[in-house]
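The values are calculated or read from the model by the stated rules, or taken from the named source; none is laboratory data. Everything quoted here is computed from the prediction, not taken from an experiment. Note that we place each Cβ from the backbone using ideal geometry, even for glycine, and neighbour counts take in every protein chain shown. To get the accessible areas, we keep the full protein, side chains included, count just its heavy atoms, and leave off ligands, DNA and RNA. Shrake-Rupley method; radii C 1.70, N 1.55, O 1.52, S 1.80 Å.
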Amino acid sequence: MSKTLPLGLINRYRDRLPVGPDTPAVTLGEGGTPLIPLRRLGQPCQVYVKFEGLNPTGSFKDRGMTMAVTRAAELGAKAVICASTGNTSAAAAAYAAQAGMQAFVLIPEGKIARGKLAQAVMHGAKILQIRGNFDDGMSLVKSVAEQMPITLVNSVNPYRLQGQKTAAFEIIESLGRAPDVHCLPVGNAGNITAHWIGYSEAAGRPTEATSFRDERISDSLPPMSESCPTMVGYQASGSAPFMRGGPVTHPDTVATAIRIGNPQSWDAAHVVQRESGGWFDELTDEQILATQARLAREEGVFCEPASAASLAGALRDIEAGRIAAGSTVVCTLTGHGLKDPDIAAEHVAGASQTIDATLAAVEQALGASLDA
Ligand code: F0G
């Protein structure tokens, strides 16, 4: 058997990542997600969605986790730990399983989507549901990682952002250049920071958003793009510390993935905003859910609620002219809609009808729909 699987983003971007030529990648084939042009939504701009829900565990976290767990394995770690609103725990559990490590995950009791919990369970993570929120969990896992031989794999681990920056490389490769505007949902602000690091490196520009340096990243690579996009981050109104100017003590939103009041990448996110000329804004839960449903119905793409915040904000800012007409806009859809089946289940009553199992009944029902 070969030493590494010939797949995944580490094998694809080895020169641009903090790994050696022979570092074995812990990979499940993450990355290479589609950049889908929207046909109906987003006029008069061209909006693309980068569908990160098509990663192995269904979210962008896999990009960070392949790097963080590869690094942990390189250092001989036996266990990893994270706090999570769900997706990080699913990815940590899966990549730890692949690496033969134990994963420990702290999640806010009753506040993570069912699909995500199912993943952590099936991958054999030790799950601690805490009577507290993500921010409480985060401070706990930081303390644990200081005192015990367990590697912290939240995005405060710089290898996470190194993996996640590859999404920017892929977008540049797909478009042949960087987009004009890139929109993301923001929780801890790790992902928006990672994208900015990626775009900056691709354009050969220094950025203060990271102090991470590793001599194994080649500094003699040709630029991949001439420009960098304007970075825009959207939060849910009930969990919008960037809009309030400081931590939110009791964050709340239906988009549980971004139910975060005390972002870990607070300073870096402000650097991103300044260097890229971007901004933060907020959406209500109703706006987020309405856009999630529109995207699914009108474009055929099913993302989780938090992910829809990026598109909801972009559509609003395009309409308001804040994003200039004619711009090329990329919205990251961070996670798959199947992660959170309960959201869809709430709509099922109105979407289905029960009939007799006869041809006559089927024909009658279809006829009524065609007439409507
Ligand atoms: N979208 C989804 C689906 C997420 O799961 C997260 C974060 C974000 C957006 C925000 O990304 O934190 O880098 O700004 N989820 C983390 C978790 C917190 O535990 O799964 P960010």
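Things to note:
- Cross-chain or 6+ apart pairs with Cβ under 8 Å, region 89-105 first and over 13 Å from residue 61 (Cβ atoms), then charged (D, E, K, R): 101/78; 102/78; 102/126; 104/126
- Under the condition of being surrounded by fewer than 16 Cβ atoms within 10 Å (Cβ to Cβ) and part of a helix (DSSP H, G or I), the residues counted in region 110-135 number 4.
- Residue within region 105-124 that is polar (S, T, N, Q) and under 11 Å from residue 86 (Cβ atoms) present: yes
- Of the listed requirements (1) of a type outside the set (Lys, Arg); (2) surrounded by 24 or more Cβ atoms within 10 Å (Cβ to Cβ); (3) modelled with pLDDT under 95, residue 2 misses just one: (2).
- Residue, farthest from the ligand (Cβ to nearest atom), within region 136-155, restricted to residues that are out of contact with any helix residue (DSSP H, G or I) (no Cβ under 8 Å at 6 or more places or on another chain) and assigned to a loop (DSSP other than H, G, I, E, B): 149
- Single unsatisfied condition, residue 299 versus (1) open to solvent by 10 Å² or more (accessible area, probe 1.4 Å); (2) farther than 16 Å from residue 189 by Cα; (3) out of contact with any Lys or Arg (no Cβ under 9 Å at 6 or more places or on another chain): (3)
- Scoring residue 272 on the criteria (1) away from the ligand (no atom under 13 Å from the Cβ); (2) touching a residue at least 24 places away in the same chain (Cβ under 8 Å); (3) part of a helix (DSSP H, G or I) leaves a single failure, condition (1).
- Residue in region 304-322 that is within 24 Å of residue 55 (Cβ to Cβ) and loosely packed, with under 15 Cβ neighbours inside 10 Å present: no
- Residue that is over 24 Å from residue 344 (Cα atoms), among the small types (Gly, Ala, Ser), surrounded by 24 or more Cβ atoms within 10 Å (Cβ to Cβ) and more than 16 Å from the ligand (Cβ to nearest atom), where the choices are 97, 103, 92, 72: 72
- Check on residue 87, more than 10 Å from the ligand (Cβ to nearest atom) and either open to solvent by less than 30 Å² (accessible area, probe 1.4 Å) or at pLDDT 95 or above (or both): no
- Note on region 239-259: residues that are assigned to a loop (DSSP other than H, G, I, E, B) and within 19 Å of residue 107 (Cα to Cα) total 9.
- Annotation: of all residues in region 323-346 being at pLDDT 95 or above and in a loop (DSSP other than H, G, I, E, B), the one that is nearest to the chain's Cα centre (by Cα) is 334.
Rundown of residues vs (1) part of a helix (DSSP H, G or I); (2) under 30 Å from residue 245 (Cα atoms); (3) touching a residue at least 60 places away in the same chain (Cβ under 8 Å); (4) not charged (D, E, K, R), yes/no style:
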| residue | (1), (2), (3), (4) |
| --- | --- |
| 287 | yes, yes, no, yes |
| 294 | yes, no, yes, no |
| 298 | yes, no, yes, no |
| 321 | no, yes, no, yes |
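- Pairs, first of a type in the set (A, V, I, L, M) in region 211-237, second open to solvent by 70 Å² or more (accessible area, probe 1.4 Å), C-beta under 8 Å, six or more apart: 217/15; 221/15; 224/173
- Residues in region 1-42 that are more than 19 Å from residue 168 (Cβ to Cβ) and free of Cβ contacts under 8 Å to residues at least 12 places away in the same chain: 1, 2, 6, 21.
- Failed item, numbered, when residue 262 is tested on (1) open to solvent by 70 Å² or more (accessible area, probe 1.4 Å); (2) assigned to a helix (DSSP H, G or I); (3) within 14 Å of the ligand (Cβ to nearest atom): (2)
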